[in-house]
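The values are calculated or read from the model by the stated rules, or taken from the named source; none is laboratory data. Note that the structure is a prediction, hence the values are computed from the model and not measured. Reconstructed Cβ throughout: ideal geometry from the backbone, glycine too, with neighbour counts over all protein chains shown. Only protein heavy atoms, including side chains, enter the accessible area calculation; ligands, DNA and RNA are left aside. Shrake-Rupley method; radii C 1.70, N 1.55, O 1.52, S 1.80 Å.
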Amino acid sequence: MSEAPAGSVPLIYLDHNATTPTHPLVVEALLPFLGERFGNPSSIHWAGRAVKGAVEEAREAVAELAGCEPGEVVFTGSGSEADNMAVKGVASSLRKRGNHIIATRVEHPAVANSCRYLEHDGYEVTWLDVDRDGLLDPARVEEAITERTILVTAMYANNETGVLLPVAEIGEIARRHRIPFHCDAVQAAGKVPLEFRTTGASLMALSAHKVYGPKGVGALVIRRGTTCHPLVHGGSQERNRRAGTENVAGIVGFGHACRLARKSLADGTVRVRRLRDRLEEGILGRVPGARVNGHRQFRLPNTSNITFEGVAADTLLMALDLAGIAVSSGAACSSGTLRHSPVLAAMGLSPQEAGGAVRFSLGQGNTDQEIDRVLAVLPEIVERVKRGGDGREA
């Protein structure tokens with residue numbers, strides 16, 4: 001539990017799906033590359049050689065977490081860039097073969113908006129529905145395939161609900177039809193075991209700041225033999241797949257975060273799931289009308305998306321923030337207009353249900369004491385918001 005300035009409330013962070021705090025050991029590992037180890041890894045002299053090896057060691061660490069070969073890892077500036085590179089790069093490289101893409105309606109905006117961009121450029125996208133629990137029937141993928149299909153894209157785990165999609169089954173379908181399959185694994189990495197090979201994926205996106213690494217660095221795993229045009233043109237970095245001088249400090253931090261994630265995955269998953277379940281059960285038992293969105297079993301161990309009946313999520317978020325509790329909403333406020341989550345809408349939730357949805361996403365630093373505090377203050381805050389207040393104590 002972080003401590004707020006004197007006279008204010010203790011701070012509790014339950015928004016780890018948005019970003020994770022950079023692990024102190026990661027910061028320690030990357031700092032030298034912001035100072036004395038400043039070289040450009042493309043340089044052949046001593047300054048470049050001093051950092052080139054560190055970049056390759058980080059590549060090996062990312063590959064170990066992802067379950068792929070180091071040579072298949074391409075470093076990017078973010079998970080969003082990795083998703084863009086996968087979708088647009090494959091579409092561009094296979095344009096002569098076809099123009100049809102299959103995607104789910106619950107994809108992250110990095111994938112969904114890349115697909116929409118391509119729709120304006122003459123590509124056709126089939127958007128697959130999910131059920132009320134957020135699950136996708138793999139048979140829908142097979143049914144949607146045509147002779148013009150050049151890409152299937154489906155996320156490993158949904159960022160809002162934590163629901164796990166059947167990526168291995170989807171990958172097998174795509175493999176049988178010899179169609180590239182892109183899997184956005186940004187939210188899954190470090191929370192559930194990844195095995196690039198067994199998913200059948202051709203491409204897989206990752207992000208450092210979701211695994212207690214620094215912001216501003218991600219990776220796209222590209223299976224050997226997969227054709228994917230570069231998104232960024234320039235020099236010959238990353239084996240001509242992503243131009244631009246590498247973010248060495250970020251990459252080193254990413255690699256160290258992946259090593260730590262592998263070590264803590266088993267024990268950390270059990271602990272975080274226990275805290276998540278305690279929080280969820282406590283809320284459902286204390287707050288009338290509260291209900292969980294998404295499948296209760298097939299989901300990430302840290303994520304709980306809950307609709308609070310009769311409550312506007314943005315107002316509840318502000319009230320929780322005043323109590324020192326950081327969470328996210330199932331809806332976003334843009335220019336004063338409430339825009340409901342397309343993920344929850346795809347699951348069949350009404351605008352009212354989606355508008356009252358809050359995402360709790362736990363992490364390594366959360367404690368039982370923090371869960372106790374949330375459960376102690378949340379029911380009263382919800383009641384005050386229901387009565388039309390802003391959640392402040394009278």
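Miscellaneous remarks
- Computed label-point distance, nm, for sites Arg286 and Val232 using a 7 Å Cα→Cβ extension: 4.5 nm
- Charged side chains reduced to their Cβ positions (Lys and Arg at +1, Asp and Glu at -1) give the chain a dipole of some 800 debye around its Cα centre.
- Label-to-label distance, nm, for residues given as Ala18 and Glu56 (7 Å Cα→Cβ offset): 4.0 nm
- Per residue, the solvent-accessible area of the chain (1.4 Å probe, heavy atoms of protein chains only, all protein chains present) comes to 43 Å².
- Residue by residue, region 236-250 carries 3J(HN,Hα) couplings of 9, 4, 6, 6, 6, 9, 7, 6, x, 4, 5, 7, 4, 4, x Hz when phi is fed to the Karplus relation 6.51 cos²θ - 1.76 cosθ + 1.60 (θ = phi - 60°); x denotes Gly or Pro.
- Solvent-accessible surface ranking, highest first, for Leu231, Leu275 at 1.4 angstrom: Leu231, Leu275
- The chain, accessible surface, carbon-and-sulfur percent (1.4 angstrom probe): 51 percent
- Set of lysines with alpha-carbon distance to Lys210 below 27 Å, sequence-local pairs under 8 removed: Lys52, Lys88, Lys191, Lys263
- Most mobile listed residue (Pro180, Pro214, Pro166) in the chain, GNM with C-alpha springs under 10 Å: Pro166
- Spin-label proximity, Thr146 to region 117-133 - amide N less than 19 Å from point 7 Å beyond Cα toward beta carbon: 117-129
- In sequence order, region 205-211 has phi-based couplings of 9, 9, 9, 5, 6, 8, 10 Hz under the Karplus curve 6.51 cos²θ - 1.76 cosθ + 1.60, θ = phi - 60°, and Gly or Pro positions carry x.
- The heavy atoms of Glu36 offer some 140 square angstrom of accessible surface to a 1.4 angstrom probe.
- Backbone phi angles across region 289-299, fed through the Karplus curve with coefficients 6.51, -1.76 and 1.60 (θ = phi - 60°), yield HN-Hα couplings of x, 6, 8, 7, 9, x, 5, 6, 9, 8, 7 Hz in residue order; Gly and Pro are listed as x.
- From largest to smallest, the equivalent ellipsoid semi-axes obtained for region 9-148 from the alpha-carbon gyration tensor read 37, 24, 14 Å.
- Our summary gives region 118-208 a relative contact order of 24 percent, counting only alpha carbon pairs under 8 angstrom and 6 or more residues apart.
- Accessible-area value, Lys386, 1.4 Å probe, nucleic acids and ligands omitted, Å²: 70 Å²
- Along the axis of the charge dipole computed for region 45-143 (Cβ charges of +1 for Lys and Arg, -1 for Asp and Glu, origin at the Cα centre), the listed residues Gly71, Trp127, Ala112 are led at the positive end by Gly71.
- Top of Gly190, Gly244, Gly355 by mean-square fluctuation, Gaussian network on the chain, Cα under 10 Å: Gly244
- Taking every alpha-carbon pair under 8 Å whose residues sit at least 6 apart, region 12-133 reaches a relative contact order of 14 percent.
- Cβ-based net charge around Ala257, under 14 Å, with every Lys or Arg adding one and every Asp or Glu removing one: +3
- Base-10 log of normalised Debye intensity for the chain (one unit scatterer per alpha-carbon) at q = 0.09, 0.11, 0.12 Å⁻¹: -0.55, -0.82, -0.95
- Taking trypsin sites (Lys or Arg not before Pro) across region 1-97, the ones in a DSSP loop with at most 15 further Cβ atoms lying within 10 angstrom of their Cβ are Arg95, Lys96, Arg97.
- Amide H contacts for Ser329 (H built 1.01 Å from N in the peptide plane; partners 5 or more residues away or on another chain; cut-off under 5 Å): Arg359.
- In this structure, Ile44 and Glu119 have a Cβ-Cβ separation that, at R0 = 41 Å, corresponds to a calculated FRET efficiency of about 0.40.
- Within the chain, helix-based [θ] at 222 nm, where runs of 4 or more DSSP H residues each add -39,500 (n - 2.57), nearest 500: -12500 deg cm²/dmol
- In nm, spacing of pseudo-spin labels at His177 and Arg132 (7 Å Cα→C-beta vector): 2.9 nm
- Whole-number percent relative contact order across the chain, with pairs defined as alpha carbons under 8 Å at least 6 apart: 22 percent
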